[in-house]
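Where a number appears in this text, it was derived from the coordinates with a stated rule and is not lab data. Just so it is clear, the model here is predicted, and its values are computed rather than measured. Glycine gets a Cβ as well: all are built from the backbone with ideal geometry, and neighbour counts include every protein chain shown.
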Amino acid sequence: MSATTGQMHEESKLKRAALHIGLFALFFALALLASGLLVFAVGGAPTEVLGTLIDGSLIIDGAWGRTLAETAPMLLVATGVIVAFRSGYYNIGQEGQVGIGALFATLVALQMPGPGWFVLIMALIASAVGGGIWAGIAAGAYFLRKVDVLISTLLLVFIAPKIILYLTSRESLLLDMSGSNSRRASQSEQIPEGVRMPEFTIFGNTMDFGIIGAVVAALGLGYLLARTVWGLQLRTLGLNERMAQRVGIKPARVGGGAIVGSGAMAGLAGGVILLASAFRLQDRISNDTGWDGLLVALVARLNAFAVVPVSFFFGILRRGSSSLRATGVSQTITDIVQALFVIAALLPAAIMIVRDRRRARHLAALATELETADD
């Protein structure tokens, strides 16, 4: 009997996976069709949309190395999102936390003396501290005054770039006063070459060590969630806070730590962006990395192992969209095309969630009917 039940469960998992893949293929095809029609409407070549996205992100010389560079910060952000959401506290302020992390990394990278490798490590640590502090404001507001975490983290997103803009616009602070910034644009000095993230080359593709750290962080989180006491506490708190308190789990310690840890991962992503590609602090340094990382985690259904391929998919979209712009398609149209593919990635997960809830309600109603009939 148990063997039969196991076979039925395995078959159900296979059907579920097949349905999910089928839905993804359907919505991806619809997004591709809509993108082609949109490009055709503005005078472009609709048949080149998919080819340009793939060529620009995977095929041309050095393409997939640059795609991995786009992937690393999103993967770090998504890993942090999973930590917070699993605890039941919805930190959605990653966009601001990325910026504050980059700010802290800039302060250390430009001001701290010492050998380059040491300053680099300290700058990355500072970026995580900065993101953690920024998220910690929301954690403190919730556990001290019950201010909703979702609202406070979202509002903090709009404050972070203003702080960065102020600091990079004042001569006595972070404004670049060198001859390379003759127009006095609001930006910091360039990060010294000795403090930048080291790179390596594989099959002609150059990438930085940020992608290795991001993958290790995601896989390590998956192990911690599944195999450790901390992971059990985090999941228990996320399922039922009152029950978690009854078994001795302290929400302020575990939940607050999850919020701060989530912000630290987003801040670290900001440090990676600054030290691996941007090399200057600007108010829009995140460039939607925080939002995209949040979407990655949602598309992956908060699965720490699934965020790795999903992040790479989003990296392909971001890098491929840049190649699409190079063909003459406007920034607005490429943004819409990217959004269509993001929606195509989100819809299958949303449909599966709705389907699961309906089935759960149906089974609960059926169980109630059976109990009533027995009585």
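Quick notes on this one:
- Range in the chain, longest, excluding exposed trypsin sites (Lys or Arg not before Pro) [loop by DSSP; at most 12 other beta-carbon atoms within 10 Å]: 1-145
- Phi to ³J(HN,Hα) by Karplus 6.51 cos²θ - 1.76 cosθ + 1.60 over segment 245-259, Hz, x for Gly, Pro: 5, 5, 9, x, 7, 9, x, 5, 7, 6, x, x, x, 5, 5
- Likely footprinting exposure, Ser286, Ser57, fewest C-beta neighbours within 10 Å first: Ser57, Ser286
- Taking chymotrypsin sites (Phe, Trp or Tyr not before Pro) in DSSP loop states with no more than 16 other Cβ atoms inside 10 Å as exposed sites, the chain has its longest site-free stretch at 1-202.
- Along segment 148-155 the Karplus relation, 6.51 cos²θ - 1.76 cosθ + 1.60 evaluated at θ = phi - 60°, assigns HN-Hα couplings of 4, 5, 4, 5, 5, 5, 5, 5 Hz to successive residues, with x for each Gly and Pro.
- Computing mean projected area of the Cα convex hull in nm² for the structure here picks out one of (1) 24.7; (2) 18.8; (3) 17.8, namely (1).
- Estimated [θ] at 222 nm from DSSP helical runs (n ≥ 4, -39500 (n - 2.57)) normalised by residues in the chain, nearest 500: -25000 deg cm²/dmol
- Measuring between their Cα centroids, segment 267-336 and segment 64-102 lie 10 Å from each other.
- Applying the Karplus relation 6.51 cos²θ - 1.76 cosθ + 1.60 with θ = phi - 60° to segment 106-121 yields 3J(HN,Hα) values of 5, 4, 6, 5, 8, 10, 7, x, x, x, x, 5, 5, 5, 4, 4 Hz, where x marks Gly and Pro.
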